[in-house]
Amino acid sequence: MTGFDEVEAARSDPKRANILYHDWEAETYDDKWSISYDQRCVDYARDRFTLATGEDDTAWPYGTALELGSGTGFFLLNLMQAGVAKQGVVTDISSKMVEVACRNADNLGLDVTGRVADAETIPCEDASVDLVVGHAVLHHIPDVEQAMREVLRVLKPGGRFVFAGEPSRIGDFYARHLGRLTWWATTTVTRLPFLSDWRRPQEELDESSAAAALEAVVDLHTFVPGELADLAESAGAVEVETSTEELTAAFLGWPVRTFEAAVPPGKLGFGWANFAAGAWKTLSKVDSGLSQVLPKDLFYNVLVTGRRSL
Ligand SMILES: C[S@@+](CC[C@H](N)C(=O)[O-])C[C@H]1O[C@@H](n2cnc3c(N)ncnc32)[C@H](O)[C@@H]1O
């Protein structure tokens, strides 16, 4: 983990904090977030893309796709496996993330190159890509409208962008509170002597708290769907649409993830992982029904798509 001094230095500089935090996370990121490159995550990525765009495989493949804030490649590599794009460029402000994403792409035999890049200044020619994607990245970028202008600059006329996995303003409020409550309850209850096996060493808990402090620095925005659409349009995008998903699934997901981080790794086992994945899937179906009747703004995840004009 990074030293406390490094964390302090990054506190006032969100980009530095992003590099530090995500460099540190890169090698363990896939495990931490249960990211894989098998059918489960291929379906997940393709379904997000379809939910955002309304497209199915008759509209694919796009030629060259660029991912911003790719992390380990979760979104683009799985979209490519689903047949959404033929060639990929993974970019991230964290060089360690780009390294891991390229390694993952190599292991999958995908036609992908990687570049370290800040989303506010994308190192690509004007009108050079057919598709820009991102997952859980916009909320880390200081000037989202500048990034959106860059997206539109590098897209070919008529090209599409899709961003998914962004926290909504209301969703972030309940997710944070549920997460904090779960952390407090787990780390308090596991002080009891007969539950000491379930307690991580104090040093590790302190490190997690330092990481959480840094997380607060890297998480810059939450989004109201309508405002995000306005921002994309004012950057020049056309055919902009937003959608949202996950309500009851988020009520479950955030406590589950926090609990998993608060107890010793490996303690929960396979049965727990199956339970968590199964419950999340069931609740996601419930949420898809609820999305027909409840306001968009209540759901946790925001997706936005649009095009560069012809
Ligand atoms: C929450 S992670 C998501 C990673 C990946 N997209 C996923 O869904 O697994 C956010 C990623 O955005 C990257 N990032 C943060 N600020 C950025 C910026 N200004 N430009 C490019 N990437 C950035 C981080 O380094 C990190 O890898």
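For the reader, a short list of remarks on this structure follows.
- Sorted by Cβ neighbour density within 10 Å, fewest at the top, the residues Leu76, Leu138: Leu138, Leu76
- Here the sum of -39500 (n - 2.57) over DSSP H runs of 4 or more residues, divided by the residues of the chain, equals -16000 deg cm²/dmol at 222 nm, to the nearest 500.
- Hydrodynamic estimate: the Kirkwood radius of region 5-119 over Cα pairs, inserted into Stokes-Einstein at 37 °C and 0.692 mPa s, corresponds to D of 224 µm²/s.
- Our coupling estimate for region 182-193, obtained by passing each phi through the Karplus curve with A = 6.51, B = -1.76, C = 1.60 and θ = phi - 60°, is 5, 4, 4, 4, 5, 6, 7, 5, 6, 6, 4, x Hz, Gly and Pro reported as x.
- Mean-position separation - Cα centroids, region 197-235 and region 62-102, in angstrom: 22
- Length, then width, then depth: along the principal axes, the Cα atoms of the chain run 66, 45, 37 Å.
- Which of Phe223, Leu247, Leu205, positive extreme of dipole for region 114-267 (C-beta unit charges): Leu205
- The overall shape of region 109-160 is oblate: from the C-alpha gyration tensor, with semi-axes ordered a ≥ b ≥ c, the ratio a/c is 1.5 or greater and a/b is no larger than b/c.
- Note that region 15-28 has calculated 3J(HN,Hα) couplings of 5, 4, 4, 4, 5, 4, 5, 7, 4, 5, 7, 3, 6, 10 Hz, one per residue in order, obtained from phi through the Karplus relation 6.51 cos²θ - 1.76 cosθ + 1.60 (θ = phi - 60°); glycine and proline are x.
- Summarising the amide proton neighbourhood of Val162: residues at separation of 5 or more, or on other chains, whose placed amide H is nearer than 5 Å comprise Val132, Val133, Gly134.
- Cross-link table Lys15/Lys86; Lys32/Lys281; Lys32/Lys267; Lys32/Lys296; Lys96/Lys281, entries beyond 21 Å C-alpha to C-alpha: Lys15/Lys86; Lys32/Lys296; Lys96/Lys281
- Order of Leu51, Leu79 - criterion: other Cβ atoms within 10 Å of each residue's Cβ, fewest first: Leu51, Leu79
- Exposure proxy order (Cβ contacts within 10 Å, fewest to most) of Ser291, Ser309: Ser309, Ser291
- Charge dipole of region 117-257 (Cα centre as origin; +1 on each Lys and Arg Cβ, -1 on each Asp and Glu Cβ, all else neutral): 640 debye, rounded to the nearest 20.
- Estimated vicinal HN-Hα couplings, Hz - region 234-245 in sequence order (Karplus 6.51, -1.76, 1.60; Gly, Pro = x): 6, 7, x, 6, 10, 6, 7, 9, 10, 9, 9, 7
FYI, it's all coordinate maths here, none of it is from the lab. As the structure is a computational prediction, the values presented were derived from the model and not from experiment. Methodologically, a virtual Cβ is constructed for each residue, glycine included, from the backbone with ideal geometry; neighbour enumeration extends over all protein chains shown.
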